[in-house]
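Notes for the one structure printed next.
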Amino acid sequence: MALLGIVIAIGISFISVYIAGPIGGVVVPAIMFGLVFSTYLRTKEIQEDLKMIKAHFGLVNEAEKAEIQMQQQLRNLYENEIDNKKYSPEMERVNREIELELEKYHEDRKD
């Protein structure tokens, strides 16, 4: 099915080259890159989903199980780090200083 889509897209791109002329020469590689990149991302998503399904039903070996746990821990660590940066007291202090500086600048510009 994906192969048929690629063949159709390449055919359409050659028609666009014929109709659009030199601009079509830029369009064809862009379309081809988009198709290849889209296929790669979709394949990667499917592989991740299959890993999660296998883990859910207990069909993974020890190495895959350790890899899934490590990825989950890294994801949790990254999400917690982002949350901590958003609400840290240091950021609140810096933001307040910036607000005060902007208010002072605005008042000076009014005069």
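Within the accessible area of the chain, what % is carbon and sulfur when the probe is 1.4 Å and the other protein chains stay in place?
Of all accessible area on the chain, carbon and sulfur atoms account for 65 percent.
Between residue 67 and residue 12, the modelled labels are 3.5 nm apart [label points 7 Å from Cα along Cα→Cβ]. Label positions at residue 94 and residue 76, each projected 7 Å from the Cα along the C-beta direction, are separated by 2.8 nm. Using every pair of separate Cα atoms, the Kirkwood estimate puts the hydrodynamic radius of the chain at 19.9 angstrom.
Per residue, the chain exposes 89 Å² of accessible surface when a 1.4 Å probe is rolled over the protein heavy atoms with every protein chain present. With the highest mean first, a sort of the peptides 96-102, 26-32 on other beta-carbon atoms found within 10 angstrom per residue produces 26-32, 96-102.
The values are calculated or read from the model by the stated rules, or taken from the named source; none is laboratory data. What you see is a predicted model, and the numbers here were worked out from it, not measured in a lab. Methodologically, a virtual Cβ is constructed for each residue, glycine included, from the backbone with ideal geometry; neighbour enumeration extends over all protein chains shown. What goes into the accessible areas is simple: the full protein's heavy atoms, side chains included, and nothing from ligands, DNA or RNA. Shrake-Rupley method; radii C 1.70, N 1.55, O 1.52, S 1.80 Å.
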